[in-house]
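Notes for the one structure printed next.
Quick note: the coordinates plus some simple rules give every number you see, no bench work behind them. As the structure is a prediction and not an experimental result, all values here were calculated from the model. Positions of Cβ are backbone-derived with ideal geometry, glycine not excepted, and every protein chain shown enters the neighbour counts.
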């Protein structure tokens, strides 16, 4: 009788185990889905590049038919999102052995999450969006993806002084072309590119100053580490002068004195001097980079309002 009881108890346990195995896996809740999306956005470092998303709107034509203009703008912003997410995720994976702060690079933590499927999906979506674009935007998409790869991976141009800084600027400047509705560009668009690239080069040099400890430890020879604070500040000053000149050409209706006082003083004098003076301290350079970024964003928004809707 004892053996029968034992067999029955074993049978019940097996049946309970089978039932538990056969039970359907519960679907993720809404909160879990939101958490997964938030974790993915953290892996692609959204907060580091969200301010670049409006860049494709530089070619928006308010006088064109609203349907085609809005479609081109939406497609351009979507392309910028996938390209930037691809590039920053690739850079994070490449630098995970060199970076120290998981807040900057989530992949410093080995348990950060997957990246291969995300990279493949972002690449595919970028190419699909390119097929819906005019050929200049298609070329800009391909160049952005290529420059993002050679900057972070092989031949890893970010480790080469001057070249790494210029490749970084070129990759971001191409975002301006992604929102093109057709093969024509707005008048004086070259000055838009010059302002954007000049300010971006300044911010990249400040970025290199902020990352100098990690770059030096990882053997990355940036422009900042190669030229030092004084000559890097000189390059930043010339970039500010270029941005000031382009601004006067882009919006000639604004008095020259106002442009020189506002743009020239800030970007050709103040920021280069602060970079040369405070750039040796990484934490001060990091604060300077954030300040410069949002000053440049405000300038860009103001210029677009005056020029783009004139």
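Go ahead and run the numbers for FRET between residue 231 and residue 37, Cβ-Cβ distance against an R0 of 30 Å, rounding to 0.05. Spell out each step's value before the answer.
Working: r = 44 Å, r/R0 = 1.46.
Efficiency, from the Cβ-Cβ distance: 0.10.
Over the stretch 48-183, what is the mean sequence separation of C-alpha contacts under 8 Å (at least six apart), divided by residue count, expressed as relative contact order in percent? Don't skip to the end; give the middle numbers.
On the way: 171 pairs, mean separation 49.4, N = 136.
Here the relative contact order equals 36 percent.
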Open item on the list: Can you give the log10 of the normalised intensity I(q)/I(0) at q = 0.16, 0.18, 0.21 Å⁻¹, computed with Debye over equal Cα scatterers of the stretch 48-183?
Closed with: -0.81, -0.98, -1.22
Task: Centroid-to-centroid separation of the stretch 240-279 and the stretch 117-194 [C-alpha atoms, Å] - done: 26
Open item on the list: At 0.36 nm per residue, and after removing the present C-alpha to C-alpha distance, how many nm does the segment from residue 216 to residue 166 gain when stretched out fully?
Closed with: 16.1 nm
- [ ] Using only the Cα atoms of the stretch 187-310, each taken as one equal point scatterer with no solvent, compute I(q) by the Debye sum, divide by I(0), and report log10 of the ratio at q = 0.20, 0.23 Å⁻¹.
- [x] -1.01, -1.23
Task: Ordering of 181-190, 205-214 by packing [mean C-beta count within 10 Å, highest first] - done: 205-214, 181-190
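So for each of 78-85, 271-278 I average, over its residues, the number of other beta carbons within 10 Å; can you give me the resulting order with the highest mean first?
Working: 78-85: 24.5, 271-278: 20.1.
Going by the mean number of other Cβ atoms within 10 Å, highest first, we get 78-85, 271-278.
Under the 0.36 nm per residue contour assumption, what length would be gained going from the current alpha-carbon distance of residue 116 and residue 146 to full extension? Intermediate results must be reported in sequence, preceding the final value.
Values: separation 30, 0.36 × 30 = 10.80 nm, distance 1.72 nm.
Once the chain is fully extended between residue 116 and residue 146, it gains 9.1 nm.
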Task: Shape parameters for the stretch 161-231, alpha-carbon atoms, Rg then Dmax in Å - done: 15.1, 46
